[in-house]
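Single-structure report; data block below.
The values are calculated or read from the model by the stated rules, or taken from the named source; none is laboratory data. None of these values were measured; they are calculated from a predicted model. So basically every Cβ, Gly included, is an ideal-geometry build from the backbone, and we count neighbours across all protein chains shown.
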Amino acid sequence: MCGLFCPSCTLFIGTHEDPYRLEIMAAAFNQPVESLKCDGCRAERRNMYCSSCKLTLCASEKGLDFCGLCSEYPCEEMKAFQSILPHRLELWQSLERIKEVGWEQWYAEMADHYSCPECRTINSAYDKACRKCGVAPSCEYVRVNKEGIIKRWPGRP
């Protein structure tokens, strides 16, 4: 709803492909693994962050499929949300692209944007090297946003 591509979320990847990733995140956040499992913002099973997302709730209450379709877009809540973490750097572009080409085309483009150029594995914004084959950068998102990722999360390995 907000323009994030759920399949590139480290918690989504951990839920569907890499349980060890969830264990690491659970230890880092001091949370049970079950609270981090997620099938995406439109699914019933959502992680502890997505299940309480104000943006998803707001869009649902307004009957909107995406925040970019709202007459109040970009609201203060969305601006604050976008500004915090590196995986949110391209929210504005994503929401504009959804309006331009529709969510299906945008989804296909995002799958490509987050896929390893060698093995086509979808990686997260935090995977500097591909989580399957090790090629760096892991995907186009990381290549394009490397400086922004470092700036928003200095010291991240």
- Query: Among the residues of region 90-112, is there at least one that is modelled with pLDDT of 95 or more, assigned to a loop (DSSP other than H, G, I, E, B) and hydroxyl-bearing (Ser, Thr, Tyr)?
  - Reply: no
- Item | Criterion (surrounded by 20 or more Cβ atoms within 10 Å (Cβ to Cβ) and either under 28 Å from residue 108 (Cβ atoms) or of a type outside the set (Phe, Trp, Tyr) (or both)) met by exactly one of 68, 63 | 68
- Message: I'd like to check something: does region 80-95 contain any residue that is over 20 Å from residue 22 (Cα atoms) and acidic (Asp, Glu)?
- Response: yes
- Selection from region 59-94 of residues that are touching a Lys or Arg at 6+ places or on another chain (Cβ under 6 Å) and among the hydroxyl-bearing types (Ser, Thr, Tyr): none
- Task: Look at residue 132 and say whether it is more than 15 Å from the chain's Cα centre (by Cα), in a helix (DSSP H, G or I) and charged (D, E, K, R).
- Result: no
- Note on the structure: Note on residue 28: of the conditions (1) under 18 Å from the mean Cα position of the chain (by Cα); (2) outside any loop (DSSP other than H, G, I, E, B), unmet is (1)
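The rows are residues; the columns are (1) of a type in the set (A, V, I, L, M, F, W, C); (2) surrounded by fewer than 19 Cβ atoms within 10 Å (Cβ to Cβ); (3) farther than 20 Å from residue 114 by Cα; (4) modelled with pLDDT of 95 or more.
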residue: 4; (1), (2), (3), (4): yes, no, no, no
residue: 8; (1), (2), (3), (4): no, no, no, yes
residue: 12; (1), (2), (3), (4): yes, no, no, yes
residue: 15; (1), (2), (3), (4): no, no, no, yes
residue: 29; (1), (2), (3), (4): yes, yes, yes, no
residue: 33; (1), (2), (3), (4): yes, yes, yes, yes
residue: 51; (1), (2), (3), (4): no, yes, yes, no
- Query: Which number in (1) free of Cβ contacts under 8 Å to residues at least 40 places away in the same chain; (2) in contact with a strand residue (DSSP E or B) (Cβ under 9 Å, 6 or more places away or on another chain) marks the one condition that residue 114 misses?
  - Reply: (1)
- For residues that are among the charged types (D, E, K, R) and out of contact with any helix residue (DSSP H, G or I) (no Cβ under 6 Å at 6 or more places or on another chain), scanning just region 65-97, find the one that is nearest to residue 151 (Cα to Cα). 90
- For residue 39, work out the one condition from (1) part of a loop (DSSP other than H, G, I, E, B); (2) modelled with pLDDT under 95 it doesn't fulfil. (2)
- Task: Report the residue count in region 135-155 for those that are part of a helix (DSSP H, G or I) and aromatic (Phe, Trp, Tyr).
- Result: 1
